[in-house]
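J.: Here it is, the structure, as structure tokens.
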């Protein structure tokens, strides 16, 4: 017994295809493909290195026969290295004092310190993880002024002035509402500066 599957493709005449397809869509597709192909060929032929998308200005388009366009695009020019071996620069001396070394060592100690949970109120120099949300005077959320499981070292003065001092003495389950002033320097322009 012989089993066969036969597949027959019938190619409709071009005139039937043209009638079934929206002409504006077809012309748009043809134009896009033609411009893309010609642009790509020109870039390769001229050995250009574009750095962004081209600005294409269609000057003339006669469907399926003529297309004229200009392209504006930034390219990387030819790079020629000067004789850099002859350049002489004076190396500025590195000035490091005792306070610089102490600060670096303290940062390393803090960053590499063994961390463990404690069952007591937060103290200065403790690293705590906080959840917070900022609201304006009308009690509406301020975009970008919220965080979850945000790590902060109390006393590092890396948060809004007054915030860390108010977290000291809090326990893990405590919640607190603070009224603090955002200084202009800390707040992006989209945020209103209010209490």
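J.: Please give the length that would be gained between residue 116 and residue 76 if that part of the chain were fully extended, namely 0.36 nm times their separation in residues minus their C-alpha to C-alpha distance (nm, one decimal).
T.: Working: separation 40, 0.36 × 40 = 14.40 nm, distance 5.40 nm.
Working it through step by step, the gained length comes to 9.0 nm.
J.: I've got another one for you. Within the range 140-154, whose backbone N sits under 17 Å from a point 7 Å along Cα→Cβ of residue 109?
T.: Residues 153-154 fall inside that zone.
J.: At 7 Å along the Cα-to-beta-carbon direction for both residue 68 and residue 96, put a label point, then send me their distance in nm to one decimal.
T.: The modelled label-to-label distance comes out at 6.9 nm.
J.: In addition: For the pair residue 86/residue 27, report the inter-label distance in nm, with labels modelled 7 Å from Cα in the Cβ direction.
T.: According to this spin-label approximation, the distance is 6.2 nm.
Read the figures in this text as sums done on the coordinates, not as results from a lab. No experiment lies behind these values; they were computed from the predicted model shown. Positions of Cβ are backbone-derived with ideal geometry, glycine not excepted, and every protein chain shown enters the neighbour counts.
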